[in-house]
Amino acid sequence: MERKKLKKALLLGAGVATGVTAARLMVRGVINRTHDHTLKTIMEDTYDENMWELVSATTRIGLQNVVETNLRSTEGKVIGRPLGSPKIFPSMDDLVFTIAQLYIMPTPLEETVDTKVVIGKKAKKPFTVDIPIMIAPMAYGEALSKKAKIALARGATLAGTSTNTGEGPFLPEERKAAKYLIYQYNRGDWGKTPELINQCDAVEIQLGQGALGGVGHVMYAKDIDKELRKAFGFPKGKDAVAHSRQPEIKEPKDLRVLVKKLKDISGGLPIGVKMAAGKNLEADLRIICEAGIDFIAMEGAEAATKSSTPLLQDDFGVPMVFAICRAATWLKENHYKDRVTLIASGKIRTPGDVLKACALGADAVYMGTVALFALTHTQVLKALPFEPPTQVLWHNGKYAHKFKVNEGAKYLSQYLFSCRDELVEGIKSLGKTRLSEVGREDLMALNEMISKGCGISMAYEPFLH
């Protein structure tokens, strides 16, 4: 009986193997015939009937532009692109660091490295972050879910750094989770009360954004759910309007009045501005610094947001690599470097970007998009492959309810710890022991425009001493 069962099993196995082989050969035959027919058609059809025309035209125009042309055709209004421009701007990718070996000796392995940064150097109530990476302002409700905001705050706290409310309504749970919370003084008419300001560790006056310029925007009442309406403190039917200008700043001199007001209310918290870098950067900096500001969060053209028009993302603003240099140079030449903290923002993606930004003159950086990638980690699989990964993060995302806060905080903090450790190795490789010691003299340029624009020698130039 057992021999019969074995024989039957062997015959069945042989049959299955034969069937699989036959199916494989059949599929290969179909693929081969389809492949040959398709290539023959492409090779022989005249161009006006040839599908290769689509490849040729798309290559010329760009796939991004083809997709957005169709989105404009479908919607008939301004389209909102999330997470920034795909355009390749002149960037810090064309900068590399020198290496300390003999002329300058590398830092001994046993030496500790100081990566701390003071926010509000001369403010009455400054605070110190352990790493030069801070979580960028991202709004609750207008962009991120409550869970995502809490996770960002917890992750930042674990890593000893700060997070930012963004322009959305104040979230008490975020305050509870954050060691250091920067309150963004929005351009709307919600929040901004002394009670809220005094719960935070710094105030950031929103002037503009790298991905939006100084353009206002509206969140219509129909898109504001019950939870969010309560957070805004709005009655049913009211729109959330972020104006193009700060309502309290009718002309440049009014900034000084607003800064004094916020310092008086807060008892001396660091008061800063969030701004986009434009052609008139130095003139803007003069007005800002003369108003008594403590920190500047400056965004380059590469900065992202939840949604803004491609025109503003692709065709406006100064690329970050030049914006940092211009701002840092102006602050130093006008004797503000020792009192104003400079925070760079806009497509800061790696520890290398962070160290280069600091070498160019920034004290610290904001990370937004990359922080979201780290925060979501494998949780994006809840949305993929049928929905964008951000659907686990947005306030109204289809999978936002499945996002796990503690898991997100854990992975964000581990990413930040990893960045810190890489920064330490980079600083040691330059023969230094403090982040603040890293400067432009440690950099070389691979691109002559970057070299000229940033005042940094080319990598092919001989060292003269």
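The values are calculated or read from the model by the stated rules, or taken from the named source; none is laboratory data. All values reported here derive from a predicted model rather than from experimental measurement. Cβ placement follows ideal geometry from the backbone for every residue including glycine, while neighbour counts extend to all protein chains displayed.
Structure data summary
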{"read-out": "Leading residue by the ranking (surrounded by the most Cβ atoms within 10 Å (Cβ to Cβ)) among those in the range 407-462 that are without any contact (Cβ under 8 Å) to a residue 40 or more places away in the chain, assigned to a loop (DSSP other than H, G, I, E, B) and not acidic (Asp, Glu)", "value": "457"}
{"read-out": "Tally, over the range 223-248, of residues that are closer than 15 Å to residue 185 by Cβ and free of Cβ contacts under 8 Å to residues at least 24 places away in the same chain", "value": "1"}
{"read-out": "Residues within the range 291-324 that are in contact (Cβ under 8 Å) with a residue 12 or more places away in the chain, under 25 Å from residue 219 (Cα atoms) and acidic (Asp, Glu), tallied", "value": "3"}
{"read-out": "Evaluation of residue 457 against (1) closer than 28 Å to residue 226 by Cβ; (2) of a type in the set (Ser, Thr, Tyr); (3) over 23 Å from the mean Cα position of the chain (by Cα) (one fails), failing number", "value": "(1)"}
{"read-out": "Residue within the range 238-247 that is in a helix (DSSP H, G or I) and farther than 19 Å from residue 122 by Cα present", "value": "no"}
{"read-out": "Residues that are of a type in the set (A, V, I, L, M, F, W, C) and in contact with a Leu (Cβ under 6 Å, 6 or more places away or on another chain), drawn from the range 173-211", "value": "200, 202, 203"}
{"read-out": "Number of positions in the range 105-143 that are at pLDDT 95 or above, aliphatic (A, V, I, L, M) and farther than 22 Å from residue 362 by Cα", "value": "0"}
{"read-out": "Qualifying residue in the range 391-404 (condition: in contact with a strand residue (DSSP E or B) (Cβ under 7 Å, 6 or more places away or on another chain), part of a helix (DSSP H, G or I) and crowded, with 20+ Cβ neighbours inside 10 Å)", "value": "yes"}
{"read-out": "Verdict on residue 359 being under 16 Å from the mean Cα position of the chain (by Cα), closer than 30 Å to residue 332 by Cα and at pLDDT 95 or above", "value": "no"}
{"read-out": "Cβ-Cβ under 6 Å pairs, at least 6 apart or on other chains, the range 201-212 side over 16 Å from residue 307 (Cβ atoms), far side surrounded by fewer than 22 Cβ atoms within 10 Å (Cβ to Cβ) and polar (S, T, N, Q)", "value": "none"}
{"read-out": "Where a residue in the range 325-343 is in a loop (DSSP other than H, G, I, E, B) and its partner, wherever it lies, is surrounded by fewer than 20 Cβ atoms within 10 Å (Cβ to Cβ), with Cβ under 6 Å and at least six apart", "value": "336/289; 339/121; 339/122"}
{"read-out": "From 312, 342, residue being closer than 17 Å to residue 272 by Cα and not basic (Lys, Arg)", "value": "342"}
{"read-out": "Residue that is farthest from the chain's Cα centre (by Cα) [pool: residues in the range 80-89 that are crowded, with 17+ Cβ neighbours inside 10 Å and in a loop (DSSP other than H, G, I, E, B)]", "value": "89"}
{"read-out": "Condition met for residue 88 (among the hydrophobic types (A, V, I, L, M, F, W, C) and either at pLDDT below 80 or closer than 30 Å to residue 447 by Cβ (or both))", "value": "yes"}
{"read-out": "Criterion violated by residue 352 - all others in (1) touching a residue at least 60 places away in the same chain (Cβ under 8 Å); (2) crowded, with 21+ Cβ neighbours inside 10 Å satisfied", "value": "(2)"}
{"read-out": "Filter result (in contact with a helix residue (DSSP H, G or I) (Cβ under 6 Å, 6 or more places away or on another chain) and hydrophobic (A, V, I, L, M, F, W, C)) within the range 329-339", "value": "330"}
{"read-out": "Residue, surrounded by the most Cβ atoms within 10 Å (Cβ to Cβ), within the range 278-302, restricted to residues that are part of a loop (DSSP other than H, G, I, E, B) and touching a helix residue (DSSP H, G or I) at 6+ places or on another chain (Cβ under 8 Å)", "value": "301"}
{"read-out": "Residue 398 being at pLDDT 95 or above and within 25 Å of the chain's Cα centre (by Cα)", "value": "no"}
{"read-out": "Qualifying helices (runs of 4 or more DSSP H) (wholly inside the range 91-207; at least 2 residues being out of contact with any Cys (no Cβ under 7 Å at 6 or more places or on another chain) and crowded, with 24+ Cβ neighbours inside 10 Å)", "value": "146-158"}
